Structure formats: C-alpha cells, structure tokens
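Every read-out reported here was derived from the displayed coordinates using simple, explicitly stated rules and does not represent laboratory data. Note that the coordinates shown come from a computational prediction; the quantities given were computed from them, not determined experimentally. All Cβ positions, glycine included, derive from the backbone under ideal geometry; neighbour counts span all protein chains shown.
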Amino acid sequence: MQRTLVMTVLGPDQTGLVGAIAGLVTEHGGNWLESRMSRLGGHFAGILRVEVPAEKESPLVVALQKLQVRGLTVVVHPDKAPEAARSTRLSLLEIVGQDRPGIVRQVSQALGSFGVNVEELETECASAAMSGETLFKARATVSIPEACDAERIRQELEKIAADLIVEISLAELPVKSG
C-alpha cells in the first residue's frame, strides 16, 4: 500500500538541498509527485508531495529529520483524502500597484468573505521601470464557488483597488480537459 505525504522544507539556502531530499525519497522507494520550491531572502523554502510504500514512511521521515544537521527543517504530514468535489471555477487574480502594507490582507479577507479559496499565490516587489518606485505584484489562482456571484466579487475588488490605488483583475481560467 502506498502513502502520500505532504512536507514543507525550510532552511538556509545551499547547494544540494533538493538533491538531498530527492535522494532520500528515492532511497525509500518513493516517488516525487509535485512541488513548489524557491529561494527567498537567502532561505530555501518549499512544499512537496511524495508517494512512498507504507512500510517506508517512518524510515523516510526519520531520514528527512536528519537533514537538520544542514539547517533544514522538514515537517511531514499525511496527505488528506481528497474532499468531495465541490462545484467551483478557477480564476486568475492579478494585482499590480505601489507597494504598501496590507494589500494581501485586504484582498484575502474580501475573497474569504465570499468563500473563495486561494489555491496558489505568488507575490513580489520590484522597481517600477520609469519611476523607480517599489511595485507590488501578485498573481493567484483562486477557486470560486459556483453559487457565488463573480460580479459581486469583482465589485468588491474594485473598491479595494481604488482604496489602495492598485490594479486588480479577475479572469476565469479555461477548464482543463482530462
């Protein structure tokens, strides 16, 4: 029987961390299913999902914990069984504007009030080409319940955009065919 595990990894960035994790997964008969990893502020941060034979789960977790000698913290959780399919639509949310505290908080609170789930989020601050001001940029995939009125969400986001002086767009993503 196979077990699916989700783990987070965090530590000082150094060459070979991904290889060390992948090596341990492979040594324990595991399969690397998916991951998101990045270098942020001199640290390596990631989340990954692996499948491993049930009898190898505990030895793999012990081996991963030994990476602490390299400064890497690994937290492992069993993957939850998939929820019953909810009727949702995936949309792309993009935000661009002058950086200021509270942008993510205001937008995420508004989305949460409509029952919208943030599936994936990437943010960055960068210098504006002409002015040199710091721009905040965000790109998120959000899951909107079918019963939710997307136009009402859009109106709420427009209010926030006007208040924060940012541009916010929300566009439904095409449905992937299997």
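Observations on the structure shown:
- Taken about its Cα centre, the stretch 88-172 carries a charge dipole of about 160 debye when Lys and Arg each add +1 at the Cβ and Asp and Glu each add -1 at the Cβ.
- Each of Arg105, Arg70, Arg49 was scored by other Cβ atoms within 10 Å of its Cβ. Arranged with the fewest first, they read Arg105, Arg70, Arg49.
- Exposure proxy order (Cβ contacts within 10 Å, fewest to most) of Glu120, Glu151: Glu151, Glu120
- Spherically averaged projected area of the stretch 88-172 from its Cα convex hull (nm²): 5.2 nm²
- Intensity falloff of the stretch 2-78 expressed as log10 I(q)/I(0), Debye formula with alpha-carbon point scatterers, at q = 0.22 Å⁻¹: -0.95
- Efficiency of FRET between Ser127 and Arg36 - r from beta-carbon atoms, R0 25 angstrom, step 0.05: 0.50
- Answer label for semi-axes √(5λ) of the Cα gyration tensor in Å (calculated), chosen among (i) 31, 16, 16; (ii) 36, 23, 12; (iii) 22, 19, 16: (ii)
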